[in-house]
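The values are calculated or read from the model by the stated rules, or taken from the named source; none is laboratory data. As the structure is a prediction and not an experimental result, all values here were calculated from the model. Neighbour counts run over all protein chains shown; Cβ positions are idealised from the backbone, glycine included. For accessibility, only protein heavy atoms count, side chains too; no ligands or nucleic acids. Shrake-Rupley method; radii C 1.70, N 1.55, O 1.52, S 1.80 Å.
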Amino acid sequence: VKTFCHFDDTGFGRRIYGVRNAEKLRKIMDLFFAYIPPEVVADQLPKGRRYGIDVEISDEQKRLYRALEDDMMVVVEHDEGLNVIMTPTILAKMVKLRQLLCCPKILDESFRMGAGYEAIIDRLDNDAHVAIFVPFRPAVDYIVEDLCMKGYKAWGLYGGTSHEDQRMITDAVKLHKGILVCTIQYADSFDLETVKNSYFLGYDLTVDQN
């Protein structure tokens, strides 16, 4: 960070605001990375399209987002007490904001499912045999539970699942033409050839699992 980034040390952590020594960084990266133009491997790639779906976040998400952005904390009142959602560092705040955009229930179970999830639900009327990928493992169980409550056949899959259970789950999804909800980091560990469409529920497509 000190070598290749411009940054300020704040009371909440280190704020990175720019890149420096970019040419030196490029020379180091060239030792380990190679860029292959798309046209070189075009005939080896499967046919398919990937495009973004713009969704306006819900009023609840807006309120929570502003609170986390401005105050770096949210206080949620429950009958049994308070749930104080803290973001003591910039990195912690970034993770919480991404969780909020993916599935607000990750932050507190009293929150709704979020506008991104509802946008996917609206599209299931035409095709309910899909895969939904998420960057946060806790979102899997919340989404599966809500889908089942809505009458869909849904299963969840994430790292730590045994090979036998993984096969049983993917076979069930194929047999019943159901919905698989899976962490994006785990997506390459199985084949779901019967699914024609998949969704990534998050701010941007990333293979990181938080």
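Quick notes on this structure:
- Accessible surface ranking that places the most exposed of Tyr65, Tyr142, Tyr117 first, with a 1.4 angstrom probe: Tyr65, Tyr142, Tyr117
- Projected label distance in nm at Ile57 and Lys27, using a 7 Å step from Cα toward the beta-carbon: 4.2 nm
- Solvent accessible area, Å² - His163, 1.4 Å probe, full protein context: 140 Å²
- Cα-only Debye scattering, the stretch 80-135: base-10 log of I(q)/I(0) at q = 0.28, 0.30 Å⁻¹: -1.16, -1.22
- Here His78 and Arg15 are evaluated by their C-beta separation; at R0 = 45 Å the FRET efficiency comes out at 0.85.
- Student exercise, the chain dipole from Lys, Arg, Asp, Glu Cβ charges, in Debye to nearest 20: 740 debye
- Accessible area of the stretch 52-106 belonging to carbon and sulfur atoms, whole % at 1.4 Å probe: 51 percent
- Where the chain is the region considered: accessible area per residue in Å², 1.4 Å probe: 66 Å²
- HN-Hα J in Hz across the stretch 150-155 - Karplus 6.51, -1.76, 1.60, θ = phi - 60°, x for Gly and Pro: 7, x, 8, 9, 9, 9
- Cut-off under 5 Å, modelled amide H: who pairs with Ser58 long-range: Ala115
- Long pairs among Lys62/Lys93; Lys105/Lys174; Lys62/Lys105; Lys96/Lys174; Lys2/Lys93; Lys62/Lys177, criterion Cα-Cα beyond 26 Å: Lys105/Lys174; Lys96/Lys174; Lys62/Lys177
- Remark: accessible surface ordering of Tyr203, Tyr158, Tyr17 (largest first) is Tyr203, Tyr17, Tyr158, probe radius 1.4 Å.
- Calculated FRET value between Arg112 and Thr194, using beta carbons and R₀ = 41 Å, to 0.05: 0.85
- The eigenvalues of the Cα gyration tensor, multiplied by 5 and square-rooted, give the stretch 63-210 an equivalent ellipsoid with semi-axes of 29, 16, 14 Å from largest to smallest.
- For the chain, leaving out every one of the GluC sites (Glu not before Pro) that falls in a DSSP loop and has at most 15 other Cβ atoms within 10 Å, the longest unbroken run is 110-192.
- For the residues Arg98, Arg14, Arg63, Arg50, a 1.4 Å probe over the protein chains yields an accessible-area ranking, largest first, of Arg50, Arg63, Arg14, Arg98.
- Extension gain, Asp165 back to Val95 (0.36 nm per residue minus Cα-Cα distance, nm): 22.2 nm
- Only protein heavy atoms count here; on that basis, with a 1.4 Å probe, Cys102 has an accessible area of about 0 Å².
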